[in-house]
């Protein structure tokens, strides 16, 4: 029987080994780590590059997906690392709680999301990893390592770990009281409106996203998600700098049916059914696609967008849509928002791999003056010397890896190249 090789969610890459293990307990996971010489942990396989790949062994945490404890006194929830956000949220809501924010997809695993500093949007909202107050992982010896915010700087170095400290077994997240959100979409906002109003526009709601295809010097869609009190009638202006509200639900890629999208038109709903763009029960986004994303200091947002706009004719034939989001700065060493409020320039590309991989270094060059940092789980070509310069705590992170994984059990080509500056053999 031929071996079965897994692919990532978008099917743009196939993993390099068919040796995939599915432990059903933490103890079984520890034993697997002890007896393997090289391995990487798999989450929900939503990465678009080889950050989670291994040529020897993959350990999936998908069966470690239970809620361990809900602490109503402290307002915290503890879950196993393989749990997906969409599996957790409704339970929290029923019990009167919420997470501070969610990514555009509820389909992603909690451990994978925090390990790569995945995020939602909102000028006051940190990435998903910023709500972590405790973390537990298995180090290269098979030992359980438990850290909390009380551990200070070492904790900040361990949350966004790129999977290089070992498989995450348990995470404790800060909660807030449950809340409702209503969202509307504005159409065809002139790009020029961002020049003097970027922060104003991105602050119109609890979470705001701009979608554009780099055609016609306009923002195709502005998604504004407002936090509202129960029973409150949402108050949205009819127009936004001349852009009218959409009169029907709309997909970020207008040619695709909006059936998979969360409800718009100002209809209130629970936080977990409005903060994401897509419903848990549907295929998210465009499906067969590629993704890249770069983080720029917030104060450079308009200039950075104008720089990318200079490539409009080159990039627009190869993309589905780009999304612009705001992310509050944090103290996590390997977060692209470390001590920096940021704007994220995300692009969902058509699955035209040679063309897209040729365009990425050109886009990175356009953004170079703004010192872009890539999303760790998406496509980029920024070389290690630049990453070393951009991440102030990179050397500290490398030292931390050597403490918990001195022989490189959890390292792969991605980690070797981007963190240690080594070229694949």
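The values are calculated or read from the model by the stated rules, or taken from the named source; none is laboratory data. All values derive from a computational prediction rather than experimental measurement. Please note: Cβ atoms are built from the backbone with ideal geometry, for glycine as well, and neighbour counts cover all protein chains shown.
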Which of the residues belonging to the range 1-41 are closer than 20 Å to residue 144 by Cβ, touching a residue at least 60 places away in the same chain (Cβ under 8 Å) and touching a helix residue (DSSP H, G or I) at 6+ places or on another chain (Cβ under 8 Å)? 39, 41
Quick one: residue 272 ticks every box in (1) surrounded by 18 or more Cβ atoms within 10 Å (Cβ to Cβ); (2) more than 20 Å from the chain's Cα centre (by Cα); (3) assigned to a helix (DSSP H, G or I) bar one, so which box is it? (2)
I'd like to verify a number: residues in the range 217-248 that are crowded, with 16+ Cβ neighbours inside 10 Å and within 15 Å of residue 201 (Cα to Cα), how many? 14
Within the range 160-167, can one find any residue that is touching a helix residue (DSSP H, G or I) at 6+ places or on another chain (Cβ under 6 Å), outside any strand (DSSP E or B), at positive phi and at pLDDT below 95? no
Would you point out the residue of the range 58-93, among those that are touching a helix residue (DSSP H, G or I) at 6+ places or on another chain (Cβ under 8 Å) and assigned to a loop (DSSP other than H, G, I, E, B), that is nearest to residue 129 (Cα to Cα)? 81
Residues being part of a strand (DSSP E or B) and either in contact (Cβ under 8 Å) with a residue 60 or more places away in the chain or more than 22 Å from residue 270 (Cβ to Cβ) (or both) - total across the range 210-224: 8
Sort through 20, 33, 77 and tell me the only one that's at pLDDT 95 or above, surrounded by fewer than 18 Cβ atoms within 10 Å (Cβ to Cβ) and over 19 Å from the mean Cα position of the chain (by Cα). 20
Right, residue 40: closer than 25 Å to residue 141 by Cα and under 22 Å from the mean Cα position of the chain (by Cα) or not? yes
Condition met for residue 51 (within 26 Å of residue 406 (Cα to Cα), touching a residue at least 40 places away in the same chain (Cβ under 8 Å), in contact with a strand residue (DSSP E or B) (Cβ under 6 Å, 6 or more places away or on another chain) and not assigned by TED's automatic domain parsing to the domain that holds residue 115): no
Over the range 168-209, the set of residues over 30 Å from residue 231 (Cβ atoms) and either crowded, with 23+ Cβ neighbours inside 10 Å or without any contact (Cβ under 8 Å) to a residue 40 or more places away in the chain (or both) is 168, 169, 171, 189, 192, 196
Just need a number here: residues in the range 233-251 that are assigned to a loop (DSSP other than H, G, I, E, B) and touching a helix residue (DSSP H, G or I) at 6+ places or on another chain (Cβ under 9 Å). 6
